[in-house]
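Here's the structure we're looking at; comments come further down.
The values are calculated or read from the model by the stated rules, or taken from the named source; none is laboratory data. Bear in mind that the values here come from a model prediction, so they are computed numbers and not experimental data. Positions of Cβ are generated from backbone atoms using ideal geometry, with glycine treated the same way; all protein chains shown enter the neighbour counts.
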Amino acid sequence: MVEEQEERLLNGDEATAWAAYHVEPDVVAAYPITPQTIIVERFSEFVADGLVRTEFVSVESEHSAMSACVGAAAAGGRAFTATAANGLQLMNEILYIASSLRLPIVMAVANRAVSGPINIHCDHTDAMNVRDAGWVMLFCEDAQEVYDTVIQAFKIAENPNVLLPVIVSFDGFLISHTAQKVKVFKDPSVVREKFLGGPRKPAKIKLMGQEVELSLNPKNPVPVTFGPLDLYDYYFEHKRQQSLAMQNAYNVVKEVHEEYARLSGRRYGDGVTVPYKLDDAEIAVVAMGSAPGTMRYVIDEMREEGIKIGLLRLRLFRPFPYRDIMEKLKHVKVVGVFDRAQDQGMMGGPLFIETRAALYELESRPKVVNYVFGLGGRDTPPEMFREAFDELVGISKGTVKPFIRKYLGVRE
């Protein structure tokens, strides 16, 4: 049954704060950095107004913010933080620790270019730089999806078959500071009690002949160790377990998305990918973040002209849904992959390389080309996407020579 909701005018940062308010984490560790600062500012107001019982910890850096979350999650609590760009890079050491210790932390990332030169606007460089840190990674298109996904992220992370931290990414300024009507649950208990099932319940493990809680609980001391020295005699096995947990996350993301849809009435594809007019498409574009909204507008125009083009938006980036990509793009002639991140000495952007690799096993492979766009917040209006899409049409007809990578909207 769809639960009662109310519309509020919220930007993406505020939608994140409202999601955290409805979850009521035990600990929120906060350090400001543009464009995510509004998240922790708004949440601090919920704390000050007594709407949540969260321990709000103002720390001296992003490294400390993630360290505080690690301690809180290891003690069995729900932990949340938010960051962007260079702040995410400063956390890097602790990101690997959080995932290796199997701690279900949730972090919102308002995607921003990484300095230098100094730039506070959107691209996906920050998220791409931590794509192998062992975190489940979800990308949102608008403020509504941000609210919904942050809530889902806690249930994904805490699933006993996953127990991995989750990043919820959304485009800085384009989503973080753009207001839209967002439906939120009228009663926070729908999230806290009905969806999440009350306070976090740490997983149970068998240890020395008894079942114990996997947490450092001072009220129930058991011989559980977090972060010990782990040399070659066990390290390999533990990393393998972490990899299996990441594989498990794929189905859990789908299950949690469906369960949440029954409460909210909102779905984003199947929770992993969001296809648009792909069934009969001969040309496909692949993208993440806010750009697909503009792309759909252009696709609709081209469809009216009889051009068979469609879109595959990836909502889940880690674990990478390569089987979905193979299945949904196996019938097309040309695929254009749009990266909002610079490649550093590679064949193309990160999304392009992984999409191209996913299609390699097909007996009849489409031609795959890469566009890098929107770096540092560079505007990409509909006519610019139309120019690229027309080029894809040319490739499908043989009038344009396929290429590896092009920069869309850059002054050469």
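All of D324, D300, D280 fail the test of being charged (D, E, K, R) and part of a loop (DSSP other than H, G, I, E, B), apart from D280.
No other residue among F317, F352 is in a helix (DSSP H, G or I), within 30 Å of D148 (Cβ to Cβ) and within 21 Å of the chain's Cα centre (by Cα) apart from F352. Suppose the filter is at positive phi, out of contact with any strand residue (DSSP E or B) (no Cβ under 7 Å at 6 or more places or on another chain), modelled with pLDDT of 95 or more and not acidic (D, E); does G134 pass it? Criteria met by G134.
Annotation: of all residues in the stretch 117-133 being in a helix (DSSP H, G or I) and hydrophobic (A, V, I, L, M, F, W, C), the one that is farthest from T34 (Cα to Cα) is M128. Among the criteria (1) part of a helix (DSSP H, G or I); (2) under 18 Å from V162 (Cα atoms); (3) of a type in the set (D, E, K, R); (4) touching a residue at least 12 places away in the same chain (Cβ under 8 Å), the one R262 does not fulfil is (2). Put simply, of I156, I175 the only residue that is surrounded by 19 or more Cβ atoms within 10 Å (Cβ to Cβ), within 30 Å of V224 (Cα to Cα), not assigned by TED's automatic domain parsing to the domain that holds G374 and not polar (S, T, N, Q) is I156.
Residues are listed down the side, and each one gets a yes or a no for (1) out of contact with any helix residue (DSSP H, G or I) (no Cβ under 6 Å at 6 or more places or on another chain); (2) touching a residue at least 24 places away in the same chain (Cβ under 8 Å); (3) not in a loop (DSSP other than H, G, I, E, B):
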| residue | (1), (2), (3) |
| --- | --- |
| A357 | yes, yes, yes |
| E363 | yes, no, no |
| N370 | no, yes, yes |
| E383 | yes, no, yes |
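Within the stretch 95-113, not a single residue is in contact with a strand residue (DSSP E or B) (Cβ under 7 Å, 6 or more places away or on another chain) and either farther than 30 Å from S290 by Cβ or among the aromatic types (F, W, Y) (or both). Filtering the stretch 71-99 to residues that are buried (at least 24 other Cβ atoms within 10 Å of the Cβ) and either under 16 Å from H124 (Cβ atoms) or touching a Gly at 6+ places or on another chain (Cβ under 7 Å) (or both) leaves T83, A84, A85, G87, L88. Contact map, the stretch 46-64: first residue more than 21 Å from A85 (Cβ to Cβ), second residue of a type outside the set (D, E, K, R) and part of a loop (DSSP other than H, G, I, E, B), Cβ cut-off under 6 Å, separation 6 or more or different chains; pairs are F46/V52; V47/T54; T54/P25. Of I33, I105, all but one fail to be at pLDDT 95 or above and surrounded by fewer than 23 Cβ atoms within 10 Å (Cβ to Cβ); the exception is I33. For the stretch 330-339, the criterion of being surrounded by 24 or more Cβ atoms within 10 Å (Cβ to Cβ), within 20 Å of the chain's Cα centre (by Cα) and assigned to a loop (DSSP other than H, G, I, E, B) is met by none of the residues.
Evaluation of N161 against the conditions (1) closer than 29 Å to F185 by Cβ; (2) of a type in the set (S, T, N, Q); (3) at pLDDT below 95 shows that the sole unmet condition is (3).
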